[in-house]
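My questions will all concern the structure given below.
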Amino acid sequence: MNEKELLQEITDLLNEYGSGSSINPSVLEFLAEEDLKAIKLSLLESKKHHLDDKEWLLSFKKEN
């Protein structure tokens, strides 16, 4: 996977919670592929925690 593809995946992950943000491709001049992979993994881990928190909160939902 190249840096541009990683940047697109990071943008897609960020947009799962918001709308229409984008990352300027010029950041590729400053970030190495390892940095982009670390960012992607961090976002995936954050997403996992978000889903776990939602499931935990739903366990308290009052049934009608």
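Pairs of Cα atoms under 8 Å, at least six residues apart: use those to get the relative contact order of the chain, whole percent.
So the answer I get is 38 percent.
A further question follows. With a ≥ b ≥ c the root eigenvalues of the C-alpha gyration tensor of the chain, is it rounded (a/c under 1.5), prolate (a/b larger than b/c) or oblate?
Note, shape of the chain comes out prolate.
Helix 3-15: angle to the longest alpha-carbon principal axis of the chain, degrees 0 to 90, nearest 10?
30
Of the accessible area of the chain, with the probe set at 1.4 angstrom, what percent is carbon plus sulfur?
Exposed carbon and sulfur together represent 55 percent of the surface.
Taking the Cα atoms only, what angle lies between the long axis of helix 33-58 and the longest principal axis of the chain, rounded to 10 degrees?
10
Now a separate question. Could you tell me the calculated FRET efficiency between Lys61 and Glu16, based on Cβ-Cβ distance and R0 = 22 angstrom, to the nearest 0.05?
With a Förster radius of 22 Å, E is 0.45.
Ok, one more. Quick one: accessible area per residue over the chain, 1.4 Å probe, rounded to a whole number of Å²?
83
The values are calculated or read from the model by the stated rules, or taken from the named source; none is laboratory data. Predicted, not measured: the structure shown is a model, and the values here were computed from it. A quick note on method: Cβ atoms are made from the backbone with ideal geometry, for glycine too, and the neighbour counts reach across all protein chains shown. The area values use the complete protein model at the heavy-atom level, side chains included, leaving out ligands, DNA and RNA. Shrake-Rupley method; radii C 1.70, N 1.55, O 1.52, S 1.80 Å.
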